[in-house]
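Read-outs throughout are calculated quantities, based only on the coordinates presented, and are distinct from any laboratory measurement. Computed from a predicted model, the values in this text were never measured in an experiment. Quick reminder, even Gly has a Cβ in these numbers, built from the backbone with ideal geometry, and neighbours come from all protein chains shown.
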Amino acid sequence: MTTPSRSAKRQQLCSIENANRVATQIADLSDNDTAVVRTGNPLQPFRVVFAKSAKPDRIVSRVVTATDD
């Protein structure tokens, strides 16, 4: 199976950098830890999920929220 070619915009949207940016935004808005997981899908190689639902073997990075106690 050949990997589909991507436009520059899709390349940017599918990047790990973008996934980390989105994970940080979601963590900040929700006050929940998030994780970037790999999907195995070349059109969406990364997905942002809440860390508690992430499968450990798929986690690429995590955003941990801090609490001021």
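The set of residues from segment 34-69 being crowded, with 17+ Cβ neighbours inside 10 Å and over 9 Å from the mean Cα position of the chain (by Cα) comprises A51, A54, V63. Of all residues in segment 29-69, those being at positive phi and touching a residue at least 12 places away in the same chain (Cβ under 8 Å) number 1.
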